[in-house]
Amino acid sequence: MEILRSPREIGLMRKAGLLVWEAHQIAGAMVRPGVTTGEIDGALERFFAEHGVVPLFKHVPNSQEGGPPFPAVTCISVNEEVVHGIPGPRKLAEGDIVSIDTGCKLDGWCGDAAATYACGAVRPEVGRLLDVSRDVLQLAIDEMERCRWWSEVAGQMERFVRRHGFSMVEAFVGHGIGRDMHEDPQVPNFTGRRIRRTADFRLMPGLVIAIEPMVNMGRKTVRQLADRWTQVTRDGKPSAHFEHTVAVTAEGPYILTAGPQGETWS
Ligand code: MG
């Protein structure tokens, strides 16, 4: 079952979340043609080291027998790559979309956030994919205040994406977060057959979850590359990913990975 956090603990998680936001400011500013995904990862590895915090992604074990642990502090997934892309020598090009996911642990508390950045000018349809993906995360955060159960929020997310002609990835879900990056509950971005298999949960003060919709321009299905990490869309069409770590409080949703003034991806 999910763990509820005290206001003091949520305050500590906010400090970790703010560092994740700052890391994203560095990463986002580096997204331009000619920069490699490995250079962006290196910059964030130095940033986390300078702050004496533990990067959450490096050395995460592979879920498949014999698969390699994750080798970097960020997942960087370009264009048709959905999530879990491995940074390396790939040079970004004008028109690419670049999903960057990263997290850190400060004084034993975790923060996790992702955003998809445009590299220069992107096609109008790709720009619309970014807008819808960013907006569906914000919609979820806004609806957390009104809804009692997560499934009500998830249903609205799924319908919003479908209404805009895109599809929600169902192979991956968000997660509870606290002392560890991945805690209960699972946080799906859709309802129906698959959510009944995972448990629905109440939106109670003290709940802290990482909400991370992945939206595909084409069909929802994904496949894994031979590196045993990178997930790509089966149809090769682009995909976008936005994530915030969010606490439910008596005063409403509190975005722990927002900027110092509460700035979000929107
Ligand atoms: Mg996450």
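Taking each residue as 0.36 nm, the span from ARG228 to ARG202 lengthens on full extension beyond its C-alpha to C-alpha distance by 5.9 nm. Within the straight-line cut-off of under 22 Å between alpha carbons, the lysines reachable from LYS237 are LYS91, LYS220, sequence neighbours fewer than 8 places apart in one chain being disregarded. Look at the dipole of the chain built from charges on Cβ: of VAL248, THR221, MET181, the Cα furthest out on the positive end belongs to THR221.
Largest accessible area first, the listed residues ILE3, ILE141, ILE26 line up as ILE3, ILE26, ILE141 when surface is computed with a 1.4 Å probe on the assembled protein chains.
Solvent exposure of segment 7-255, expressed per residue, is 42 Å² of accessible area, with all protein chains present and a 1.4 angstrom probe.
Ranking GLY11, PRO205, TRP149 by Cα position along the charge dipole of the chain, where only Lys, Arg, Asp and Glu carry charges on their C-beta atoms, puts TRP149 farthest toward the positive end.
For the chain, the fraction of 1.4 Å probe accessible surface lying on carbon and sulfur atoms is 51 percent. Reported to the nearest whole Å, the Cα centre-to-centre distance from segment 1-67 to segment 240-266 is 15.
Packing, as the average of other Cβ atoms within 10 Å across residues, places the peptides 10-22, 162-174 in the order 10-22, 162-174, highest first. Note on the chain: dipole from Cβ charges, positive end direction compared against GLY52, LEU106, ILE76; the farthest Cα belongs to ILE76. Length available on full extension from ALA250 to GLU65: 0.36 nm per residue minus the Cα-Cα distance, which gives 62.3 nm.
Each residue was assigned an accessible area with a 1.4 Å probe, and for ASP200 the value is about 60 Å².
Computed from the Cβ-Cβ distance with R0 of 35 Å, the FRET efficiency linking GLU39 to THR221 stands at 0.65.
The values are calculated or read from the model by the stated rules, or taken from the named source; none is laboratory data. A quick note: this is a predicted structure, and the numbers were derived from the prediction, not measured. Because the Cβ atoms are built from the backbone with ideal geometry, glycine has one as well, and the counts that use them run over all protein chains shown. Note: accessible area is taken over every heavy atom of the protein model, side chains too, but ligands, DNA and RNA are not part of it. Shrake-Rupley method; radii C 1.70, N 1.55, O 1.52, S 1.80 Å.
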